[in-house]
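Enquirer: Please find one structure pasted underneath; my questions will follow.
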Amino acid sequence: MRSLASICVVIFALIVVWYLSAFVLNTPWAMDKAKRAGIEISSKELILDTWSQEKPKLPAPHQVGLEIWKTTVEKKITSKRSLIFHSWITLSSTLVGFLIGTSLGILLAIGIVHNNAMNMSIMPWAIASQTIPILAIAPMIIVVLNSIGVQGLLPKAIISSYLCFFPVVVGMVKGLRSPDKIDKDLMHTYNATNFQKFWKLRLPTSMPFLFASLKVGISASLVGAIVGELPTGAVRGLGARLLAGSYYGQTIQIWSALIMAAMLAAVLVGILALLQRFTLNRMGMT
Amino acid sequence: MTLILGALIFWVSAWILNARLADSALAETRFVKLLVPLIFGLTIIGVWELLVRGLSVPLVILPPPSLVIETASQNLEILWKDLVQTFIKGAFRGYVIGCMSAIFVGILLERFEFLRLGLMPVASFMAALPIVGTAPILVMWFGFGWQSKAAVVVVMVFFPMLINTVAGLRESSQIQNDLMTTYAASNWQAFIKLRLPAAMPFIFNGLKISTTLALIGAIVAEFFGSPTVGMGFRISTSVGRLA
């Protein structure tokens, strides 16, 4: 209860700070406008103006909220101006990439756990590759695939899958290795085959690790999909909205796309958290 | 055809060598532990080179590694300037500012329970968000120079770093805190001698995660506008020329 109260206080404070900084950042433009029109503006008018400019440096929260409302509820979903349409484009490539990336990652992790040579040769690279800013070459992948005629969802999904691949591999390897020695010995005394050991011991014990890395993976996929939309000339998707907004100085559009991306990430992680709680509950692991 | 066959043979033989090494008695030595991944890395580069030449893949799609190295060595001067612009001016400054302020805020949060309860859920929510998306806004605010890149980096590294710092500072157990109390240690002493050292593994972990984020932030921010140097600029213009 107490934490809920403090969260509310903090969020309220953030909104107040947002309004204040909108005032500070937008004042020069408002003053400039008034000066050119040759009129004096009262401080009340000034404040109202800083919160309702068309291309403000920092739009006030209600402007962003209004823009989101206009582009989601009031526009048809099929319209190119609908934020839901763009979110769906981004979401679909995120999900496809996430599916490809996690399934490949889990498979590789199984290979690594069962094969010593694979473990020794791939694991160091898998860990090292997490330190490479792979996102930076994402545009290259997009444009190259574009030049040989692969367009649309697939290139973005490839970037997404690459980004969530390694966190899943590393997490799953840790998870599949997490059974205690005593449990493994027990399986051994039951004369369990390798497959039985995997299916009945390793896989169930790896579940908490799997979900932890899935949560990291899905937000990485979303970032990948958004960045993947930047270089193709800003056609569709949330990343494209960001880029188009920055080209034309449409700050409100940038902010609404950003908030939409944030909500998408929150929903995706939230779904995985629910799934995690449900699964672990059913398995009696909580 | 011979090149493709060569690639296959090279791959299989390197793999057999690795499998032998991994299962041999020497597998636990430091040398072999370094050697095995090294052989694997070289295999990938070798197979890449041979396959690209053997299948005559167009240069646009995938250049052979030898050509990449050759081009890099010919353009060292440009690459060095890009590195200075992106890495030292943008990423590094942002990294230092972001991590320091995150550690500072983390220490503050640890002192004030109410703030921590309120801010931590918000911070962990923010850490899961696609923060790179703020890049266009920050580029608009701070201009095309390194300042905007540093700003993006600050925003990107701040939240992961903050979460790690706070988690670390809360790592000391109740019994240790009680011991400090029985020593009549002041709050400051308990902080310096117990909580800060206990937080170090977490802080370093956060610093490690942040390095990658810093580079990503600096490079992606350059896609939204930059002076005519920088690694992100180089990538986006070269991609534009398909070179």
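Enquirer: Run the 1.4 Å probe and let me know the accessible area of A:ILE15, rounded to the nearest 10 Å².
Expert: Probe radius 1.4 Å; accessible area of A:ILE15 about 70 Å².
Enquirer: While we're looking at this one, here's another question. Would you mind working out the accessible area per residue for segment A:32-170, using a 1.4 Å probe, and quoting it in Å²?
Expert: Computed with neighbouring chains in place, this is 51 Å² per residue.
Enquirer: With every protein chain left in place and a probe of 1.4 Å, what is the accessible surface of A:GLU45, to the nearest 10 Å²?
Expert: 100 Å²
Enquirer: Using Cα pairs closer than 8 Å and at least 6 residues apart in sequence, work out the relative contact order for chain B, in percent.
Expert: Reported relative contact order: 22 percent.
Enquirer: Something else: Find the accessible area per residue for chain B; the probe is 1.4 Å, ligands and nucleic acids are left out, and the unit is Å².
Expert: Per-residue value: 54 Å².
Enquirer: Sticking with this one: Which of the three applies to the protein assembly as shown, rounded, prolate or oblate, going by the alpha-carbon gyration tensor with a ≥ b ≥ c and a/c under 1.5 meaning rounded?
Expert: oblate
Enquirer: Round to the nearest 10 and give me the degree value, 0 to 90, for the angle of helix B:93-111's Cα axis relative to the longest principal axis of chain B.
Expert: Approximately 30 degrees, to the nearest 10.
Enquirer: If you take the charge dipole of chain B about its Cα centre, with +1 on Lys and Arg Cβ and -1 on Asp and Glu Cβ, which of B:VAL57, B:VAL68, B:GLY143 is farthest toward its positive end?
Expert: B:GLY143
Enquirer: For segment B:182-222, which whole-number percentage of the solvent-accessible area (1.4 Å probe, protein heavy atoms only) is attributable to carbon and sulfur atoms?
Expert: That share works out to 71 percent.
Enquirer: Counting pairs of alpha carbon atoms under 8 Å apart in space and at least six apart in sequence, what relative contact order in percent does segment B:2-73 give?
Expert: 39 percent
Enquirer: Right, here's the next one. Suppose we compare each residue of segment A:1-33 in its chain alone and in the full protein complex with a 1.4 Å probe; which ones drop by at least 40 Å² of accessible area?
Expert: A:ARG2, A:SER6, A:ILE7, A:VAL10
Enquirer: If you don't mind, there's one more thing I want to ask. Can you list the HN-Hα couplings for segment A:66-73, worked out from phi with the Karplus curve (6.51, -1.76, 1.60; θ = phi - 60°), rounded to whole Hz and with x for Gly and Pro?
Expert: Karplus values, whole Hz, x for Gly and Pro: 5, 4, 4, 4, 5, 8, 9, 7.
Enquirer: Moving on. Order A:LEU99, B:LEU109, B:LEU8 by their accessible area, 1.4 angstrom probe, all chains in place, largest first.
Expert: A:LEU99, B:LEU8, B:LEU109
Enquirer: What angle do you read, to the nearest 10 degrees and between 0 and 90, between the alpha-carbon axis of helix A:238-248 and the longest principal axis of chain A?
Expert: With rounding to tens, the tilt is 30 degrees.
Enquirer: Ok, one more. Keeping all protein chains in position, work out how much accessible area B:LEU215 exposes to a 1.4 Å probe, and write it in Å² to the nearest 10.
Expert: It works out to around 40 Å².
Enquirer: List the lysines whose alpha-carbon lies under 17 Å from that of A:LYS197, not counting same-chain residues fewer than 8 positions away?
Expert: Straight-line reach from A:LYS197, under 17 Å: A:LYS174, A:LYS181, A:LYS184.
Enquirer: Additional query: Give me the lysines in straight-line cross-link reach of A:LYS76: C-alpha distance below 27 Å, same-chain residues under 8 apart excluded.
Expert: A:LYS55, A:LYS156
Enquirer: Right, next: Please compute, for peptide B:109-119, the average count of beta-carbon atoms on other protein chains lying within 10 Å of each residue's beta-carbon.
Expert: 4
Enquirer: Something else now. Between chains B and A, what is the buried accessible area summed over both chains (1.4 Å probe, protein heavy atoms, nearest 100 Å²)?
Expert: The B and A chains share an interface burying roughly 3900 Å².
The values are calculated or read from the model by the stated rules, or taken from the named source; none is laboratory data. As the structure is a computational prediction, the values presented were derived from the model and not from experiment. Methodologically, a virtual Cβ is constructed for each residue, glycine included, from the backbone with ideal geometry; neighbour enumeration extends over all protein chains shown. Keep in mind that these areas ignore ligands, DNA and RNA; they rest on the heavy atoms of the full protein, side chains included. Shrake-Rupley method; radii C 1.70, N 1.55, O 1.52, S 1.80 Å.
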